[in-house]
Amino acid sequence: MIITRASLADLPRLRQFRLEAAAWLSARGSDQWSTPYPDELLAESVMAGDVYLLKDSATSEATATVTLDSTADPALWTDEEAREPALYVHKLTLAAPGAGGGLGARLLDWCGDQAARRGAVLLRLDAWTTNASLHTYYRRLGFEHIRTVHGPGTYGSGWLAQRPAALAAVPEFDFIETPADIA
């Protein structure tokens, strides 16, 4: 399997990931991701080179996506936390959520490896505040709950967690940079 940066041509697939995940979550009684993510913000993340796609091969359809950046959202993280070397996971989405196989965990391990390679000591994420099963999942993967933040700036995703960034003993995925339209 390979990981590559998303390009603007991938925007329809990225929107599809979000819609499918929202429908899957809704069928389980969650309102997570029920509000569409603004296209302009998604395009900005893609252009910044922060959005990644997981594929079986360079020509196959993406099976997962994750956004990984170094920006501490001030509505979630304190000024002191923002000064700590960390990378932040956003919008981790699988084509077949809940299917098992550990793909989400492996993708988070890749994110932790990338964080360590870039000099970060922490891998952080925020999760939907009311999604207790997601919190349990992240805790099982070694994330420590820091706190839960409520307020309009959290957009419902104020459960904050982190774990140490760590190099992978053996890289799980091949990372291939290809898109030409990344700024």
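For the structure I just gave you, tell me whether residue 15 is of a type outside the set (S, T, N, Q) and touching a Gly at 6+ places or on another chain (Cβ under 9 Å). No.
Condition check: of a type outside the set (D, E, K, R), without any contact (Cβ under 8 Å) to a residue 60 or more places away in the chain and within 22 Å of residue 26 (Cβ to Cβ). Does residue 65 satisfy that? Taking the combined requirement at face value, the residue satisfies it.
Once region 27-70 is narrowed to residues that are more than 13 Å from the chain's Cα centre (by Cα) and among the polar types (S, T, N, Q), the residue that is surrounded by the most Cβ atoms within 10 Å (Cβ to Cβ) is 32.
May I ask you to list the residues in region 73-96 that are in contact (Cβ under 8 Å) with a residue 24 or more places away in the chain and of a type in the set (Gly, Ala, Ser)? Those that are in contact (Cβ under 8 Å) with a residue 24 or more places away in the chain and of a type in the set (Gly, Ala, Ser): 75, 86, 95, 96. Residues of region 41-55 that are in contact (Cβ under 8 Å) with a residue 24 or more places away in the chain, more than 18 Å from residue 177 (Cβ to Cβ) and of a type outside the set (Gly, Ala, Ser): 42 alone.
The single condition among (1) more than 21 Å from residue 41 (Cβ to Cβ); (2) surrounded by 14 or more Cβ atoms within 10 Å (Cβ to Cβ) that residue 79 does not satisfy is (2).
We did not get these values from a lab; they are worked out from the coordinates using the rules stated. Nothing here was measured: the structure is a model prediction, and the numbers come from that model. Glycine gets a Cβ as well: all are built from the backbone with ideal geometry, and neighbour counts include every protein chain shown.
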